[in-house]
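The values are calculated or read from the model by the stated rules, or taken from the named source; none is laboratory data. Source: prediction; values computed, not measured. Positions of Cβ are backbone-derived with ideal geometry, glycine not excepted, and every protein chain shown enters the neighbour counts.
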Amino acid sequence: METTENYVYKKEVDWSLLHEGLTLPIENQVVFGRIMGKFLPRGESKNITMYLDGKSYKAKITNVNFSPKHNRKKDTLQIRYSPNSELATALRTYFFESYKFISEKRKIREPGDRSMIRLPDDSKEYLAIYTTEYENTYLLETIVADDIYALKNVVQNQSERLLEARFNYDIVDMNSTILETERIVKIRKLNKKIGDNLKMLYNYRCQICGKSIGEEYDSHIVEAHHIDYFIHSLNNDSNNQLIVCPNHHSIIHDVNPVFDRKRLVYLYPNGMQEGLALNYHIG
């Protein structure tokens, strides 16, 4: 069942986000794709409202496939705002450390160098975007480096299988302190929303065996699995998640096969190899 608040995008903080906007790939974002297909034809723009910590900000969303000459097979959407807008100013405030780091790097780079400046791996920050129950209105949540550091301390000694069960079934760890729960709740939510979106993308079928477990009972039992275990990588990007049935999920955690990303194949310790029957999102 679709809820009123669904995952749209997790954007790593960069100079563009802090000043003018971002590009939204929609091909793997099921609910968002349906919404955009209803009201934003190619070449058209629409004003939108974005909420961050209860405050509203104005922006514009554009389908930039202006004409067939662009030869794009899929729609490309951009959210735009000016560098002096309230939203850009707010984002530079929330992500002040990232803004300072990127600004300093821009000052010392060679003239004419327009390559993207990325944050160090241990300092990356993100903006999460969700739909709301209101058309043309979106919810923003910031994930700063301190949030990720706090999460790392919480999960480092936990079982990956139990942690994924909490993500998949929204189980709250009652042993966590209130402070920890408040700090990591938005990351827990983002992780689950990304997994929920992928489950819809695959119509609740296992990517490995292609089966929909429980279909004959009018039930859908499928789980999101982190390829690089979350307790080590803290990576909840969609390209680090597979949708698998409970059987394959349990087997993977029992024997820890290696996933060959180039061939999209699991290599099991006993020599068995198993590829993906379904793949729409891992390139």
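Restricting region 47-73 to residues that are modelled with pLDDT of 70 or more and in a loop (DSSP other than H, G, I, E, B), the residue that is surrounded by the fewest Cβ atoms within 10 Å (Cβ to Cβ) is 54. For the subset of region 21-39 comprising residues that are of a type in the set (S, T, N, Q) and touching a helix residue (DSSP H, G or I) at 6+ places or on another chain (Cβ under 7 Å), which member is modelled with the highest pLDDT? Of everything passing the filter in region 21-39, 29 is modelled with the highest pLDDT.
Return yes when residue 91 is within 19 Å of residue 50 (Cβ to Cβ), assigned by TED's automatic domain parsing to the domain that holds residue 31, in contact with a Leu (Cβ under 9 Å, 6 or more places away or on another chain) and outside any helix (DSSP H, G or I) and no when it is not.
Working: within 19 Å of residue 50 (Cβ to Cβ): yes; assigned by TED's automatic domain parsing to the domain that holds residue 31: yes; in contact with a Leu (Cβ under 9 Å, 6 or more places away or on another chain): yes; outside any helix (DSSP H, G or I): no.
Criteria not met by residue 91.
Of all residues in region 17-34, those that are part of a helix (DSSP H, G or I) and within 18 Å of the chain's Cα centre (by Cα) total 6.
Free of Cβ contacts under 8 Å to residues at least 60 places away in the same chain, within 24 Å of residue 141 (Cβ to Cβ) and surrounded by fewer than 14 Cβ atoms within 10 Å (Cβ to Cβ), is that true of residue 233? Taking the combined requirement at face value, the residue satisfies it.
Within region 213-232, being modelled with pLDDT of 95 or more and among the small types (Gly, Ala, Ser) holds for one residue alone: 224. Taking region 252-266, which residues are more than 13 Å from residue 226 (Cα to Cα), loosely packed, with under 14 Cβ neighbours inside 10 Å and in contact with a strand residue (DSSP E or B) (Cβ under 8 Å, 6 or more places away or on another chain)? If the condition is that a residue be more than 13 Å from residue 226 (Cα to Cα), loosely packed, with under 14 Cβ neighbours inside 10 Å and in contact with a strand residue (DSSP E or B) (Cβ under 8 Å, 6 or more places away or on another chain), then 260, 263 are the ones that fit. List every residue pair whose Cβ atoms lie under 6 Å apart, where the two residues are 6 or more positions apart in sequence or sit on different chains, the first residue falls within region 82-95 and is modelled with pLDDT of 95 or more and β-branched (Val, Ile, Thr), and the second residue, located anywhere, is assigned to a helix (DSSP H, G or I) and crowded, with 17+ Cβ neighbours inside 10 Å. Close Cβ pairs satisfying both conditions: none exist.
Which residue out of 152, 192 is at pLDDT 90 or above, out of contact with any strand residue (DSSP E or B) (no Cβ under 6 Å at 6 or more places or on another chain), among the basic types (Lys, Arg) and in a helix (DSSP H, G or I)? When all the criteria are applied, what remains is 192. State all residues of region 11-39 that are among the basic types (Lys, Arg) and within 15 Å of residue 50 (Cβ to Cβ); if no residue qualifies, say none. Result: 11, single match. Here residue 82 passes the criteria (1) within 15 Å of residue 59 (Cβ to Cβ); (2) surrounded by 15 or more Cβ atoms within 10 Å (Cβ to Cβ) except the one numbered (2). Taking the conditions exactly as written (within 30 Å of residue 149 (Cβ to Cβ), touching an Asp or Glu at 6+ places or on another chain (Cβ under 9 Å) and of a type in the set (D, E, K, R)), does residue 121 satisfy them or not? Answer is no for this residue.
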